[in-house]
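First up is the structure itself, then whatever we jot down about it.
The values are calculated or read from the model by the stated rules, or taken from the named source; none is laboratory data. Every value quoted in this text rests on a predicted model; they were computed, and no experiment measured them. Neighbour counts are summed over all protein chains in view; Cβ atoms, including those assigned to glycine, are modelled from backbone coordinates with ideal geometry.
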Amino acid sequence: MNIVPEKKTIPILKLPAVPLSNILRNFNQLEIVDFSLASKKCQFIIKSIKFDKFHIGLGLQPKRDPILFYWDYYLYFEFSIDDLKKRSKYMNGGGNWTQLSNDENEMRFKYVTVWADYVCDLFRRDITFLYLNSNESLQEISAITEWMNTRQTCLEYCEFSGDDTNSDIIDLFFEKTKFSIQNLCYDLRHTHEIRQFNCGILDLNGLFASSSTVNYPVNWITEEDIITSNCVRIVIGVCYFNENNLNRVLKGWIDGNNPRMTIFTLAVKRLDFEMLLDGIEFEEKDESLKRTFESEYMAGKIMYEFEGGFDIRQKNGKLATIQQKKPYKNGEEQIFWFVMVVWPNNA
Amino acid sequence: MSVEPEVPIVQVEEVRENPVLYKIISSDNHVFTISEHAVKLSKTLWDLITNLGLTAENALDNPIPVENVNGKNMETIVQFCERHKYDEEEPEYTNYIREFVLPEWDRQLLSIDNEELFQLILATNYLDIQKLMDYCCRVIGDMAKDKTPEELRIIYGIPTDAEDDALERSASDSPGPSG
């Protein structure tokens, strides 16, 4: 089949390394993968190019494309399942994919993991972002976890999201996971009360948990989880924490728990600060004192502005400020952001 | 250094404020004049000019021979450099996202057949002209749009694995320098 006339050929593999590399940097990721599939030599050339700064994500949620590319944490390119299917003849040794499974989900998982392995190997990097469906089947989550265990030791960002949540799969995930996770996000949208699940000891740079339905607040992270955690940033949406829960957390921090914590914020009912600070030494600052806390995190910046607030101090001298901020939601019952920040340099 | 031109000199328009011109001789003895601002786009030529100590006074009396670039490519290169000599310095491209748009004038200039484009890239690489290199590579990179691996193999003259293996075998079977 003569697709392109002979005169159109431009033998780029005969070019010196600098222009060849320059040409390949004009390709998008899918074009690079296609180029790598043209021959083993092409694959070798791509592997020898140093591409930095971009990250690979794996989307196993129904509304996400499966292979994702991020530039400085911003999604800029993705492979759809159709992109992968069109190229299926180049993978699996050109074998028959339909022999692998009759189950569509299982097939999708096979496609995605085979391609993820290929893409990660080609660009010589691990998966940075893993997006999991909070209502995945036990069989799938088990397969994903085992596959991840064998492919890498660390994961920068893991997210559970979905319109429904199966607590069993989250239990299973944390039970089986052998790789460390730096940032964990729950973005759950279930419309019924879910069973609390066990996510183990939270040793993270960032923990984010939210339920988009105020009727079913975050109930799967407890005061005990926070007290025993070693997280730098904790952001929890509407949840059941009350003065007593938070009082225990604050006392634990003063005694030296959560040594890396810089931000702890959650959306709760209006708090009675007399109860909240019961038994805690504090200094109430005048509202005229305005202080700004900034923290760079992944692609962005987290910023809180305090007008006054209550200062508390850890036994080792670290200073934190707590305050309850403006309403999160207006309705029959107002919800407020409780914010605690630990100031750098004890100032 | 004195080389008599065998073909008419390609004249280049130069602004009054900067009358310094240099002469370049291509591998096939075509002579080109190029302004100082334009020649600076070529790192290789500018390094040569600096190292030879060429000045406004002696530049035209000392043509610079460029043996790796023929007249046809040199003409394109001179046109390009004169066109872009007053361009503002562009921020360095980050490693992956290349958002520059190839201007229409340059697209027209680079609408040449693939053999010429290939030779132009080699010349551009030798003369180290970053912007022209980026533009040529964009034109070649654009050829990959919506192409299958088989089509890319044809467009870019990529041998199949079997052809690569056969080439490797014949290379290892052939007698070495002492054989």
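Meeting the requirement of 3 or more residues that are surrounded by 19 or more Cβ atoms within 10 Å (Cβ to Cβ) and either facing chain A (nearest Cβ under 7 Å) or more than 14 Å from the chain's Cα centre (by Cα) (or both), the helices (runs of 4 or more DSSP H) wholly within region B:103-165 are B:114-127, B:130-142, B:149-155. Any residue in region A:261-277 that is more than 18 Å from A:Trp337 (Cα to Cα) and at pLDDT 95 or above? Checked region A:261-277: no residue is more than 18 Å from A:Trp337 (Cα to Cα) and at pLDDT 95 or above.
Restricting A:Lys285, A:Lys290, A:Lys301, A:Lys315 to residues that are assigned to a loop (DSSP other than H, G, I, E, B) and farther than 22 Å from A:Asn242 by Cα narrows the list to A:Lys315.
To keep it simple, each residue is scored yes or no on (1) modelled with pLDDT of 95 or more; (2) over 30 Å from A:Ile49 (Cβ atoms); (3) not assigned by TED's automatic domain parsing to the domain that holds A:Gln61.
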| residue | (1), (2), (3) |
| --- | --- |
| A:Glu146 | yes, yes, no |
| A:Thr153 | yes, no, no |
| A:Phe179 | yes, no, no |
| A:Thr213 | no, yes, no |
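Just name the residue that is farthest from B:Ile121 (Cα to Cα) out of those in region B:54-89 that are surrounded by fewer than 12 Cβ atoms within 10 Å (Cβ to Cβ) and at pLDDT below 90.
Among those that are surrounded by fewer than 12 Cβ atoms within 10 Å (Cβ to Cβ) and at pLDDT below 90, it is B:Glu57.
The one condition from (1) touching a strand residue (DSSP E or B) at 6+ places or on another chain (Cβ under 7 Å); (2) farther than 30 Å from B:Asp113 by Cβ that B:Asp47 does not meet is (1). Which condition from (1) buried (at least 18 other Cβ atoms within 10 Å of the Cβ); (2) more than 21 Å from A:Ser229 (Cβ to Cβ); (3) aromatic (Phe, Trp, Tyr) is the one that A:Phe173 breaks? Going through (1) buried (at least 18 other Cβ atoms within 10 Å of the Cβ); (2) more than 21 Å from A:Ser229 (Cβ to Cβ); (3) aromatic (Phe, Trp, Tyr) one by one, A:Phe173 breaks only (2).
Taking the conditions (1) within 25 Å of A:Leu202 (Cα to Cα); (2) at pLDDT 90 or above in turn, A:Phe282 satisfies each one other than (1).
Table: residues versus (1) modelled with pLDDT of 90 or more; (2) buried (at least 16 other Cβ atoms within 10 Å of the Cβ); (3) in contact with a His (Cβ under 9 Å, 6 or more places away or on another chain).
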{"position": "A:Ser80", "(1), (2), (3)": "yes, no, no"}
{"position": "A:Lys89", "(1), (2), (3)": "no, no, no"}
{"position": "A:Gly95", "(1), (2), (3)": "no, no, no"}
{"position": "A:Ser101", "(1), (2), (3)": "no, no, no"}
{"position": "A:Glu106", "(1), (2), (3)": "no, no, no"}
{"position": "A:Val114", "(1), (2), (3)": "yes, yes, no"}
{"position": "A:Val119", "(1), (2), (3)": "yes, yes, no"}
{"position": "A:Arg125", "(1), (2), (3)": "yes, no, yes"}
{"position": "A:Thr128", "(1), (2), (3)": "yes, yes, yes"}
